[in-house]
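Everything below concerns the one structure shown next.
The values are calculated or read from the model by the stated rules, or taken from the named source; none is laboratory data. Every value quoted in this text rests on a predicted model; they were computed, and no experiment measured them. All Cβ positions, even for glycine, are placed from backbone atoms using ideal geometry, and neighbour counts span all protein chains on display. With ligands, DNA and RNA removed, areas are computed over all heavy atoms of the protein, side chains included. Shrake-Rupley method; radii C 1.70, N 1.55, O 1.52, S 1.80 Å.
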Amino acid sequence: MTTEMMHMPYTPKLFSLTHFIRCLILFSLLPNIATAVSMEDSRKLYSQASEALKAEKSDVYFQLKAKLTAYPLYPYLEQQELQHNFDKVTQHHIDLYTEQYNELPPVYILQQKWLRYLASKKRWKQYATAYISSPIKSELYQCHYRNSLLKTAQPKSAIKNISALWNTGHSISKACDEVFNYWTTQSSGPSSVLAFQRFWKSVGNDNIALARYLNRFLTTKQQQVTERLFQVSKDPSLIKNPKFLPGDTLASRKTYLYGLNKLSKKNPLSAAQIWIKQRTKLSFNFEEQQKLNLNIARRLSYRADETTDQLLGELNIFADEEIHNLRFNLALTKQNWQKVHQLIDELTPESQLQERWTYWKTISASHIKGLKPVYSDAFVKLSNQRSYYGLLASRTLQSRFRLNPQQDKVTELSLQELAASPAMRRMHELYQLNSLYLARREWNQLTRSFDKAQLRTAATVVHRWGWHNMAIAGIAKAKFWDDISLRFPMPYSDIFDKLAGDYKIDTNWARAVARQESAYQPYARSRVGARGLMQLMPKTAQSTAKRNDISYKGVSDLYQPETNINLGVAYLAEMQKKFEGNQVLATAAYNAGPHRVKKWLKQRGELPTDIWIEMIPFKETRKYVMSVMAYHAIYRTLAGQPSHILEGQTAFRIALKDSTSAQQAERLRNFIQTNSATTLTQ
């Protein structure tokens, strides 16, 4: 696209036409000296040009722009210019930009912002044209499009096929309110049949507020049916009366499902007993049955008693792995090793090959027969794996934890070729300018069709830049699990070493936490508001800073690596002290809070370390602790230090204490072969 095509039809905001033309002439006369300056200089010029554009300094902007035509981010600069001048831009300019930079990420960004701008300014005729030519068709933009048709005297087109948009189980964007209102007041509106369908969809999504709204569209007869649902919503115990919901109808089934699910939150035992009797009497489909089976099973397991295992078994009519796992956890908590072994045996042979089941089946065998895991070939093989269960197995066998690193490397030629590609050059500049959101968009678009080898090459390139979290994500997507250098980098080593030393904690433990929390992304922010390398919540950071006399001015400080690591290490040290040096408990507390860890310790009583970790109620925290323990072992091994650092007794150590025949190794081999020849022996 030429300069004239880009700029002559419109003028920059707040500038006179004469002033604008003078800038264009100056721009056309300036030589293209982008190749004569370094990339670092161009980067500075780009930032200056962006600031000049925002400040309405057109002379400065066009002078700087003239020097950047060969700069990788020139398309982004033009996108900013168009966006800055939306009040003077036409669809023609957007189409020209789209045509020239087709497939580049800024095209989608520009189109999205253009649609939002037109809707905000109620330029409905232009919006309709822009919507048709763009690939953006999500609910919000579709609502605006229908409004644009309504506002431009095309009501029939505005409500054409609108029932498909309306008939959903969630609340629709308020942008659709006007066109929906027209549909319901000036046209036929939703039929009672359609409204009845949407009513039960909303109930299925537990959106009772929406269901109440939809009730107005129903017939009197239909409302008599839905009234039972509203009664059950207030009092789920009504579901206990088999005569309350007559017949095998859609309404009866949906009300049963809703009511039993709600009842199970307060009384899972009662809900389980009713459901087991009722589920075969009505024609519930597989998905409905399985969803309620799971919900009730989960809630039962939170309040386990002597009847829980039997009820879980009766709920698990579809051999669901999650419900089976709940039974396993219950047996493991009670250290009922015969039951543990039996439940693992009931899994498919393929499932039993998973590391977790290999570990626990061998441990259960050591308890049942008092025999040594060293004589299980599968357990020995597990001890050679670089994983959490591999760490446990190697600790059990008192063998060396192995890294098993990938030996082959990506060739320098392939790295250079990819690094020189236009997309990778744009990505690099965005990374250098800390525009990580845009850099990620470039990454996603570039690597969308990459094979494993190409992904590994791309991950290696960004690793060399220092963009470690993207390198880690890329190498994981490529499934090159043994590329240790990419998966476990060691940035900020001086900071970690100094601060860990100051607070007297293991530097590799702190590094493992940072690796799990953010994969070394200084600007990471979680959905709940945790920030920075070690993902600290602002309140935690503030209180930790106060207790440890650490300089902390506000939330923005959490994006400074040294400050974030300082606060994170200090908090880890506090958790280690609070839990008497136990890194497993301290790690769990760092993720879930010390109050929860204390609660879990009180609920579970004294358990072996490996069982306690398995029983952490929060799936996120359980996986978190397992990952940090494995990463800790990896970083210690890389540092040439012993890796077996799990505190406390494991289930196997207790088995050794209790066993009277721990030396009878041959019996272990026979026992395992008899019970699961394909699972634990080769």
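Of note:
- Apart from one condition, residue 461 fits all of (1) closer than 23 Å to residue 412 by Cβ; (2) in a loop (DSSP other than H, G, I, E, B); the exception is (2).
- Just one of (1) in contact with a Gly (Cβ under 9 Å, 6 or more places away or on another chain); (2) in a helix (DSSP H, G or I) fails for residue 169. It is (2).
- Selected residue (only one of 199, 217 is under 22 Å from residue 159 (Cα atoms), surrounded by 14 or more Cβ atoms within 10 Å (Cβ to Cβ) and over 35 Å from the mean Cα position of the chain (by Cα)): 217
- Sole residue being closer than 23 Å to residue 364 by Cβ, charged (D, E, K, R) and not in a helix (DSSP H, G or I), chosen from 322, 306: 306
- Scanning the stretch 88-121 for residues that are over 36 Å from the mean Cα position of the chain (by Cα) and closer than 19 Å to residue 144 by Cα yields a total of 2.
- Subset tally (residues that are among the aromatic types (Phe, Trp, Tyr) and touching a Ser or Thr at 6+ places or on another chain (Cβ under 6 Å)) for the stretch 341-378: 0
- Residue 115 being part of a helix (DSSP H, G or I), surrounded by fewer than 18 Cβ atoms within 10 Å (Cβ to Cβ), of a type outside the set (D, E, K, R) and at negative phi: no
- You will find that of 327, 400, 425, 356, the residue that is among the basic types (Lys, Arg), open to solvent by 50 Å² or more (accessible area, probe 1.4 Å) and within 29 Å of the chain's Cα centre (by Cα) is 425 and no other.
- Answer residue from the stretch 82-111, given it is part of a loop (DSSP other than H, G, I, E, B) and touching a helix residue (DSSP H, G or I) at 6+ places or on another chain (Cβ under 9 Å) and is modelled with the lowest pLDDT among those: 103
- If you go through the stretch 374-397 and keep only what is in contact (Cβ under 8 Å) with a residue 40 or more places away in the chain and assigned to a loop (DSSP other than H, G, I, E, B), you end up with 376, 386, 387.
- Any chance residue 339 is of a type in the set (Lys, Arg), out of contact with any helix residue (DSSP H, G or I) (no Cβ under 6 Å at 6 or more places or on another chain) and open to solvent by 30 Å² or more (accessible area, probe 1.4 Å): no
- Selected residue (criterion: farthest from residue 328 (Cα to Cα)) from residues of the stretch 343-373 that are β-branched (Val, Ile, Thr) and in a helix (DSSP H, G or I): 368
- Residue 494 meets each of the listed conditions (1) of a type outside the set (Lys, Arg); (2) in a loop (DSSP other than H, G, I, E, B); (3) out of contact with any Leu (no Cβ under 8 Å at 6 or more places or on another chain); (4) surrounded by fewer than 20 Cβ atoms within 10 Å (Cβ to Cβ) apart from (2).
- The residues of the stretch 288-312 that are open to solvent by 30 Å² or more (accessible area, probe 1.4 Å) and small (Gly, Ala, Ser), listed by number, are 301, 304.
- Within the stretch 226-250, the residues that satisfy the criterion of being buried (at least 19 other Cβ atoms within 10 Å of the Cβ), within 25 Å of residue 193 (Cα to Cα) and in contact (Cβ under 8 Å) with a residue 24 or more places away in the chain are 226, 229, 232.
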